[in-house]
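To start, the structure itself, in structure tokens.
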2 protein chains.
Amino acid sequence: MSETVTKLPGAAKRGRPRLDELTASDIESIPALETIIGYRLRRAQLYVFQDFIENFTRMKLRPAEFSVLSVMARRPGLKQTEIAEELGIKRANFVALMDGLETRGLAERRKADTDKRSHSLHLTPEGVKFVRKMMAVWTAHEERLVEKLGGPEERDRLIELLDRIVAPD
Amino acid sequence: MSETVTKLPGAAKRGRPRLDELTASDIESIPALETIIGYRLRRAQLYVFQDFIENFTRMKLRPAEFSVLSVMARRPGLKQTEIAEELGIKRANFVALMDGLETRGLAERRKADTDKRSHSLHLTPEGVKFVRKMMAVWTAHEERLVEKLGGPEERDRLIELLDRIVAPD
DNA sequence: AATTAATTGTTCTGTATCATAACAATCTAT
DNA sequence: ATAGATTGTTATGATACAGAACAATTAATT
């Protein structure tokens, strides 16, 4: 591919090293993105989320909402800050998310009278039914992933490795 | 934690199943987030990016910019669409990113005269020097991760598993 | 050769995500 | 009683990401 900018003289084959061109050993030292942990993690995460989103467009459910409903189902009564922090969501951003779930009749805030500031969060009866359907959809999605990975043992290996990354030093 | 909303009668201990409350077996069927591939992937990816970002704030370099410089270093002369597509960046969004690199004097667009529409992308001499520093910083960051994982073999195992996820069916 | 279709880079726009600051109400500690 | 911390909330800004449309150019079709 010829270009309008003429090539510089080029790295001397045996002269003093040039600092403004990449030497062969420079280029070798530059890792292909395929070997970079963060890059690969991101691509894989994007892929999984993409699949998740496609599977859940019909239910109009986003990953963050899934995780919140999921926590409310297993541990009803937690307050907003607790769920938000556990999921890594800023409590400011949690408000709109919870508003949405409440508007759709899936979840509700109950005033805890031991602390008039806080709300304890619960599924509504409708939310319970919704979560059942949600889990059915999720199971299919997850099973596809496990199959791609090569089985539950491989899934466990993956999660164990991800654990090590996130674990405190 | 007492609450203003009085408890519903509760699931019959031995009566007909209620559809609007979660049974014990329902709750069992709800996976803890810790076992969900997508959730764990996301948390790990966030952790790694966080570490990356902290390490690169001084250089004012974001992950996407890193990846673009990295590709330009290894394979100079590619055109915008090629790099963007390879990195999963929409070509529309690539423009501003490349503008930034060009403004900082790290990279340049050269008109390829075989196709007057396209630009071939290259590092500038300054960009070359920048990439060397960038790679030094990156190496430290990556080595920390590899150490957390338990060594290069574990890193390779992780990447292999991530491969399987992204691989076409 | 003339017309049509496709590609490249670009701008514009909209939406989702994420973080930060400030605030009133309430609770806790001194 | 006062000062300080917490809870939920609003408002706001930055960033990431996706889609539509467009001019210039190239490729394909007739």
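The values are calculated or read from the model by the stated rules, or taken from the named source; none is laboratory data. This one's a predicted model, so the numbers in the text were calculated from it and none came from an experiment. Backbone-built Cβ (ideal geometry, glycine too); neighbour counts: all protein chains shown.
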Quiz item: Do you know which residues across region B:133-168 are in a helix (DSSP H, G or I), over 16 Å from B:Ala44 (Cβ atoms) and either touching a Phe, Trp or Tyr at 6+ places or on another chain (Cβ under 6 Å) or more than 7 Å from chain A (Cβ to nearest Cβ) (or both)?
Solution: B:Lys133, B:Met134, B:Ala136, B:Val137, B:Trp138, B:Thr139, B:Ala140, B:Glu143, B:Pro152, B:Glu153, B:Asp156
Self-check item: Residue ranges of helices (runs of 4 or more DSSP H) in region A:21-81 with at least 3 members surrounded by 16 or more Cβ atoms within 10 Å (Cβ to Cβ) and among the charged types (D, E, K, R)
Solution: A:37-56
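Here is a check on your reading of the model: is B:Val95 in a helix (DSSP H, G or I) and in contact (Cβ under 8 Å) with a residue 24 or more places away in the chain?
Numbers: in a helix (DSSP H, G or I): yes; in contact (Cβ under 8 Å) with a residue 24 or more places away in the chain: no.
Judged against the criteria, B:Val95 is not a match.
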Exercise. Inspect all residues belonging to region B:134-157 and state whether any of them is buried (at least 20 other Cβ atoms within 10 Å of the Cβ), out of contact with any Ser or Thr (no Cβ under 7 Å at 6 or more places or on another chain) and farther than 30 Å from A:Ile159 by Cβ.
Key: yes
Quiz item: Restricting region B:96-126 to residues that are out of contact with any His (no Cβ under 9 Å at 6 or more places or on another chain) and near DNA strand D (Cβ under 9 Å from one of its atoms), which is farthest from B:Gly77 (Cα to Cα)?
Solution: B:Ala96
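Here is a yes/no grid of residues against (1) modelled with pLDDT under 95; (2) farther than 30 Å from A:Glu85 by Cα; (3) touching a strand residue (DSSP E or B) at 6+ places or on another chain (Cβ under 7 Å):
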| site | (1), (2), (3) |
| --- | --- |
| B:Phe56 | no, no, no |
| B:Ala73 | no, yes, yes |
| B:Ala84 | no, yes, no |
| B:Ala92 | no, yes, no |
| B:Arg110 | no, yes, yes |
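What number of residues within region B:104-114 are within 14 Å of DNA strand C (Cβ to nearest atom), more than 9 Å from every other protein chain (Cβ to nearest Cβ) and either under 16 Å from the mean Cα position of the chain (by Cα) or not small (Gly, Ala, Ser) (or both)? Quick ask: steps written out before the conclusion?
The initial filter retains those residues of region B:104-114 that are within 14 Å of DNA strand C (Cβ to nearest atom), namely B:107-114.
Imposing the further condition that a residue be more than 9 Å from every other protein chain (Cβ to nearest Cβ) reduces the set to B:107, B:109.
Checking which are either under 16 Å from the mean Cα position of the chain (by Cα) or not small (Gly, Ala, Ser) (or both) leaves us with B:109.
Count: 1.
Yes or no, residue by residue, for (1) of a type outside the set (Lys, Arg); (2) over 18 Å from B:Ala32 (Cα atoms); (3) within 13 Å of another protein chain (Cβ to nearest Cβ):
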site	(1), (2), (3)
A:Ala73	yes, no, yes
A:Pro76	yes, no, yes
A:Glu102	yes, yes, no
A:Ser118	yes, yes, yes
Quiz prompt | Residue check for A:Ser118: over 18 Å from B:Tyr47 (Cα atoms), polar (S, T, N, Q), touching a residue at least 12 places away in the same chain (Cβ under 8 Å) and surrounded by fewer than 21 Cβ atoms within 10 Å (Cβ to Cβ) | solution = yes
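Filtering region B:115-130 down to residues that are of a type in the set (D, E, K, R) and part of a helix (DSSP H, G or I), which residue is farthest from DNA strand C (Cβ to nearest atom)?
Kept after step one, since they are of a type in the set (D, E, K, R), are these residues of region B:115-130: B:115-117, B:126, B:129.
Retained after the next criterion (residues that are part of a helix (DSSP H, G or I)): B:126, B:129.
Numbers: B:Glu126: 20, B:Lys129: 24 Å.
Filtering region B:115-130 for residues that are of a type in the set (D, E, K, R) and part of a helix (DSSP H, G or I), the one farthest from DNA strand C (Cβ to nearest atom) comes out as B:Lys129.
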Self-check item: Test: A:Ile53 is on the phi < 0 side of the Ramachandran plot and away from DNA strand D (no atom under 13 Å from the Cβ)
Solution: no
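Tell me whether region B:86-98 contains one or more residues that are among the small types (Gly, Ala, Ser), buried (at least 20 other Cβ atoms within 10 Å of the Cβ), over 17 Å from A:Ile30 (Cα atoms) and within 12 Å of DNA strand C (Cβ to nearest atom). Walk me through how you get there before you give the answer.
If we filter region B:86-98 for residues that are among the small types (Gly, Ala, Ser), which is where we start, we get B:88, B:92, B:96.
This time we only want the ones that are buried (at least 20 other Cβ atoms within 10 Å of the Cβ), so: none.
Scanning region B:86-98 turns up no residue that is among the small types (Gly, Ala, Ser), buried (at least 20 other Cβ atoms within 10 Å of the Cβ), over 17 Å from A:Ile30 (Cα atoms) and within 12 Å of DNA strand C (Cβ to nearest atom).
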Quiz prompt | Single unsatisfied condition, A:Leu61 versus (1) away from DNA strand C (no atom under 13 Å from the Cβ); (2) touching a residue at least 40 places away in the same chain (Cβ under 8 Å); (3) within 20 Å of the chain's Cα centre (by Cα) | solution = (1)
